[in-house]
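Some notes on the structure that comes next.
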Amino acid sequence: MKKYLVLTGILFIVGLNLLKAQCCAAGNPLNMMLDAQSIGKQSLRMSLLYRYSLSDTYYQGSKPIDINYLDKSGFNYLEFAALYNITERIGIQAEIGYFLSKYESYKNPLIKDSEGSGLADLNLMLRYELIQKPFEKLNLSLTGGVKLPVGVFDQEVDQVKLPINVQPSSGSYRYHGGFTVAKGFRYAPWQILGATMVEYSQRISSRFFDYQYGTVYAFQAGTSYTFHQKALAIIQVRAEVREKSKRENNQIVDASGGEIVLLVPQINIIPAKNWGASLSFSLPVYRRYHDIQFGNKYSFSLVISRTQKLIK
Amino acid sequence: MRKTLTFITLLGCLVLVSCSKKDQDNLKPNPDIQIISLQATLKVVMAWDTTSITVNATGDNLSYAWEANHGDILGSGISVKYAAGQCCIGLNTITCRVFNEQGYAEDTIQIRVTPYTINP
């Protein structure tokens, strides 16, 4: 049973959702579920994630500022992910998201809310287990992949194109790479975790729109504690740094990007054999946006997963 | 190996299904539709302020579609409001497409968004 705890318990979620906003919205979730340890050769893990995010305050740098425009923005997001380990060390993963709703509401009651919904981006990822030392409880894996803007990026309501902030897809090809490390201790219920990731966005260049999101760097560190045979708690600190975006003619968008630090408490349980469930909250504890931007208040995620050995 | 191939095939199908967008933009220019004017009450606005944009066009059974390269279009029909945040400072283009079942006519207007100031 402890093995299952380790396998499912150290699944932790990198959610680069908080700095994704250009200036006015909660942005795209861009989830990546990273595993600190392998699920085993020729095993398949499928998971379903739900995430809710809310933003309701403008910030100038780190300080709240009163702007009479947006009241709040947020999203309800579902994501299906499948990870298949071809060998003990190599796994492939696919994630496809769907926005149940992605909205902005305005302080002016005469302005109708903007709301989009639909298919988001597809993330394809390759994972390589560089270090597997079960005796030392040490694991290091590398990941790399591409996010394809297969979803909706031209959604209209009443023949009016919705703001980019509520379009379900980011509209951009994005390439990412990173690593995850986990270290446990013999006879101890503790484990330490770390991860880092870089994501580069390709320029969006269409007839009406020319834009490039800034590169994102994410770092996270945390610890897990098995407090029950079927339950485990994780606390993480996550830092995200986003460079400024660019628009047409390589103009820098000053009101984009910044730094944010989040505290992410999480609890994982095993409701049944081969099943896992996880609930996490992301609470910003520090932020410094460039210029004035609409900042995230909180988000939470729920993940249900099932791992199955396909060949016994 | 067979299950690996099945998994990869399923992924491929997912990509193909996801990529198959329907094309809703098959209309061609229609010379019977004339855009007489496309005007804004203000062509320079501060971030998060609004300006009204109105199109005047001739033709039968007209519908109006709007798009901004940066910023928000609020409302719909022959007159809309345009607003943009600090992220959209600069010269932004708003496109209005007037269309019916036979085709469309299109025009653009540019609005400059200036930085937000607390006491303008």
Suppose we filter the stretch A:242-258 for residues that are outside any loop (DSSP other than H, G, I, E, B) and without any contact (Cβ under 8 Å) to a residue 60 or more places away in the chain; how many remain? 7
Take the residues of the stretch A:129-152 that are polar (S, T, N, Q) and crowded, with 19+ Cβ neighbours inside 10 Å: which is nearest to the other protein chains (Cβ to nearest Cβ)? A:Thr143
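To keep it simple, each residue is scored yes or no on (1) over 30 Å from B:Gly71 (Cα atoms); (2) surrounded by fewer than 21 Cβ atoms within 10 Å (Cβ to Cβ).
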site	(1), (2)
A:Leu162	no, no
A:Trp190	yes, yes
A:Ala195	yes, no
A:Val198	no, yes
A:Ser206	no, yes
A:Val253	no, no
A:Gln266	yes, no
Regarding B:Tyr116, is this residue of a type outside the set (D, E, K, R), assigned to a strand (DSSP E or B) and more than 20 Å from A:Phe209 (Cα to Cα)? no
Quick check on my filter: what residues within the stretch B:70-94 are in contact with a Lys or Arg (Cβ under 9 Å, 6 or more places away or on another chain), facing chain A (nearest Cβ under 8 Å) and assigned to a strand (DSSP E or B)? B:Asp72, B:Ile73, B:Leu74, B:Gly90
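Evaluate the following for A:Ser169: is it within 18 Å of the chain's Cα centre (by Cα) and at pLDDT 95 or above?
Numbers: within 18 Å of the chain's Cα centre (by Cα): yes; at pLDDT 95 or above: no.
No.
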Looking at this structure, is B:Lys81 of a type in the set (Lys, Arg) and modelled with pLDDT under 95? no
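Considering only residues that are of a type in the set (D, E, K, R), assigned to a strand (DSSP E or B) and over 26 Å from B:Val98 (Cα atoms), which ones fall in the stretch A:130-163? Walk me through how you get there before you give the answer.
Let us first name the residues in the stretch A:130-163 that are of a type in the set (D, E, K, R), namely A:133, A:136-137, A:147, A:154, A:156, A:158, A:161.
From what is left, the residues that are assigned to a strand (DSSP E or B) are A:133, A:147, A:156, A:161.
A:Lys133, A:Lys147, listed by residue number.
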Within the stretch A:266-282, count every residue that is assigned to a strand (DSSP E or B) and closer than 10 Å to A:Ser305 by Cα. 4
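Does the stretch A:61-72 include one or more residues that are in a loop (DSSP other than H, G, I, E, B), more than 14 Å from chain B (Cβ to nearest Cβ) and modelled with pLDDT of 95 or more?
From the stretch A:61-72, those in a loop (DSSP other than H, G, I, E, B) are A:61-62, A:66-69; that's our starting set.
Those still in the list that are more than 14 Å from chain B (Cβ to nearest Cβ) too: A:62.
Pick out the ones that are also modelled with pLDDT of 95 or more and you get A:62.
Yes: one or more hits.
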Do you know which of the residues in the stretch A:164-177 that are surrounded by fewer than 21 Cβ atoms within 10 Å (Cβ to Cβ) and not in a loop (DSSP other than H, G, I, E, B) is farthest from the other protein chains (Cβ to nearest Cβ)? A:Gly177
Out of the residues in the stretch B:95-120 that are surrounded by 21 or more Cβ atoms within 10 Å (Cβ to Cβ) and within 19 Å of A:Asp254 (Cα to Cα), state the one that is nearest to the other protein chains (Cβ to nearest Cβ). B:Tyr116
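Any idea which residue in the stretch A:87-128 is farthest from A:Lys161 (Cα to Cα), counting only those that are part of a loop (DSSP other than H, G, I, E, B), within 11 Å of another protein chain (Cβ to nearest Cβ) and not basic (Lys, Arg)? If you could, list the steps in order and put the result at the bottom.
Step one: of the stretch A:87-128, the residues part of a loop (DSSP other than H, G, I, E, B) are A:87-89, A:107-113.
Filter once more, so that each one left must be within 11 Å of another protein chain (Cβ to nearest Cβ): A:87, A:107-108, A:110-113.
Now narrow it down to the ones that are not basic (Lys, Arg): A:87, A:108, A:110-111, A:113.
Details: A:Thr87: 46, A:Asn108: 20, A:Leu110: 19, A:Ile111: 15, A:Asp113: 13 Å.
Once the filter is applied, the top-ranked residue is A:Thr87.
The values are calculated or read from the model by the stated rules, or taken from the named source; none is laboratory data. Computed from a predicted structure; not experimentally measured. Every residue, glycine among them, receives a Cβ derived from its backbone with ideal geometry; neighbour counts consider all protein chains shown.
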